[in-house]
Amino acid sequence: MQRHLRKAALACLAAGFAQSATAQAVCDGVVVFQCATDAEPREQITVCAQDARFSLVCHALETGEPYDDTPLIAEAATTWFRWQEGDDLRVGLGFWSTDLGAPVTLHASLPWDDMEEAVAQDGPAEMWLQSAHWHPDVDQTLCLSQTVYADTEALWAPLETRGPIGLFFSQDVVVPEPNAVGVAEVMPLPSGEGLAVYATARPNAATPVWWQLYEGDTVDVIAREGDFLAVAIPTYGVTACLIRPEQLYTPYQGPCATGWVDGTYLDRVQ
């Protein structure tokens with residue numbers, strides 16, 4: 001692992017020793033991911049881990065000056081996270097952009113040594129930023145492969161705070177109750193856009209939206225708080241979110257993720 005990190009660091013230094021050294025200080029904590037794009041003037045993406053959160057800064061490679069007014073933040077306990085081992089290692093980490101009012105995901109594809117269960121010393125590495133997957137046109141910012149730096153070991157300290165999958169993506173504990181549990185269909189929306197799935201039942205402009213539903217979608221409803229309904233969302237290969245009797249009156253643990261939607265636009269069908 002250490003040999004790989006040194007090699008990755010040298011790849012970053014190939015873009016310029018002074019620039020890379022400056023970039024290390026653009027966010028607080030330990031640098032987890034870093035890469036440079038082919039934009040002119042040259043820009044760099046840096047992800048740092050500190051305590052129980054990650055921050056992402058897009059900045060000028062030469063000066064370290066950030067492009068956004070505020071860093072993109074990922075709360076490790078509830079953010080979208082993907083770790084998939086195979087022929088390569090696929091990592092995804094979701095950030096909320098206050099400036100854009102939208103999620104942005106950092107994706108990485110790294111060489112993986114399955115025998116050692118570690119990032120391999122050699123092989124192609126890719127990294128890119130991507131807009132929300134539900135947008136009609138998905139925007140991507142691609143990094144240059146030779147500039148990719150990844151310290152995957154630094155991921156785990158913040159992620160120790162993650163609870164059961166039932167807390168993703170909701171920041172609120174969801175307790176299923178019989179009078180709320182059922183199936184609903186998304187009704188036509190005035191805007192014609194999707195129905196936001198919020199991280200809390202008290203959303204405001206800064207509340208992260210990690211999922212979106214569309215007219216005609218059916219979804220399992222598991223709890224209510226005021227005008228908002230908690231819904232169970234099948235992710236990570238799960239196909240059904242039915243609530244069993246023993247799951248009533250206790251905090252929902254999964255296997256589905258959860259979030260909150262405006263109940264005005266859900267029609268109960270079951």
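The values are calculated or read from the model by the stated rules, or taken from the named source; none is laboratory data. No experiment lies behind these values; they were computed from the predicted model shown. Counting neighbours? That spans all protein chains shown, and the Cβs are built from the backbone with ideal geometry, glycine included.
Of the set (1) more than 30 Å from Thr37 (Cα to Cα); (2) assigned to a strand (DSSP E or B); (3) at pLDDT 90 or above; (4) out of contact with any helix residue (DSSP H, G or I) (no Cβ under 6 Å at 6 or more places or on another chain), all apply to Leu142 but (1).
Scan region 100-119 for residues that are small (Gly, Ala, Ser) and either within 15 Å of Ser145 (Cα to Cα) or out of contact with any Phe, Trp or Tyr (no Cβ under 9 Å at 6 or more places or on another chain) (or both) and the total you get is 3. With respect to (1) in contact with a Pro (Cβ under 9 Å, 6 or more places away or on another chain); (2) part of a strand (DSSP E or B); (3) over 19 Å from Trp210 (Cα atoms); (4) in contact (Cβ under 8 Å) with a residue 24 or more places away in the chain, the lone exception for Ser109 is condition (4). Here are the criteria: (1) at pLDDT below 90; (2) part of a loop (DSSP other than H, G, I, E, B); (3) surrounded by 14 or more Cβ atoms within 10 Å (Cβ to Cβ). Tell me which single one Pro158 does not satisfy. Result: Pro158 passes all but (2).
Entry remark, region 229-251: residues being at pLDDT 85 or above, farther than 13 Å from Val175 by Cβ and either over 23 Å from the mean Cα position of the chain (by Cα) or loosely packed, with under 13 Cβ neighbours inside 10 Å (or both) number 3 in total. Confirm whether Val173 is touching a Gly at 6+ places or on another chain (Cβ under 9 Å) and surrounded by fewer than 17 Cβ atoms within 10 Å (Cβ to Cβ). Yes: the conditions hold for Val173.
Entry remark, region 188-225: residues being among the hydroxyl-bearing types (Ser, Thr, Tyr) and not in a loop (DSSP other than H, G, I, E, B) number 2 in total.
Every listed requirement among (1) at pLDDT below 80; (2) touching a Ser or Thr at 6+ places or on another chain (Cβ under 9 Å) is met by Leu10 save one, (2). Could you please let me know if Glu185 is farther than 30 Å from Glu117 by Cβ and either modelled with pLDDT of 90 or more or in a helix (DSSP H, G or I) (or both)? So Glu185 fits the description; yes.
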